[in-house]
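The values are calculated or read from the model by the stated rules, or taken from the named source; none is laboratory data. Everything numeric in this text was worked out from a predicted model, so none of it was measured. Cβ sites come from the backbone with ideal geometry, for glycine too, and all protein chains shown count toward neighbours. The accessibility values were calculated without ligands, DNA or RNA, using every heavy atom of the protein model including side chains. Shrake-Rupley method; radii C 1.70, N 1.55, O 1.52, S 1.80 Å.
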Amino acid sequence: LQLVESGGGLVQAGGSLRLSCAASRGTFSSYAMGWFRQAPGKEREFVAAISRSGSNTYYQDSAKGRFTISRDNGKNTVYLQMNSLKPEDTAVYYCAAVAALRPPLNPYEYDYWGQGTQVTVSS
């Protein structure tokens, strides 16, 4: 499975961005999907995840109420809508795929990764 993220950029605090992750070379609907982020000098951390069908979603506490993960299996794409962005959301955001029914929160359990997209939130 190949994953390509897009949609990152520079935004002011309080603004919004929508990240997309397009999948190819595999059966997208067979994979649970996750979004992770990594800030300079920090470990990669879980942000949000979604089950294969899209019926179940999971969020890091700091993302609840601000971020929404969704997927369109017909378009082989997973999205992360990010609202009310804060400077501490600044990081490289990665999407990842795992052949599991329920997406894990541990990044080491994922099978495939995209190249990442930079999100910078200015104060």
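Straight-distance candidates among the lysines for linking to LYS64, with alpha-carbon spacing under 17 Å and chain neighbours fewer than 8 residues away dropped: LYS86.
Spatially, the range 89-111 and the range 1-67 are offset by 8 Å when compared through their Cα centroids.
Please calculate how many Å² of accessible area the range 8-47 carries per residue, with a 1.4 Å probe and no DNA, RNA or ligand atoms counted.
52
A viscosity of 0.692 mPa s and a temperature of 37 °C, combined with the Kirkwood radius over C-alpha pairs in the Stokes-Einstein formula, give the range 31-123 a diffusion coefficient of 247 µm²/s.
Loop-located GluC sites (Glu not before Pro) in the range 27-123 (DSSP state not H, G, I, E or B) with no more than 10 neighbouring Cβ atoms inside 10 Å: GLU43.
How many percent of the accessible area of the chain is carbon or sulfur, using a 1.4 Å probe? All intermediate terms of the calculation are to be shown ahead of the outcome.
Details: 2810 of 6180 Å².
The value for the chain is 46 percent carbon and sulfur by accessible area.
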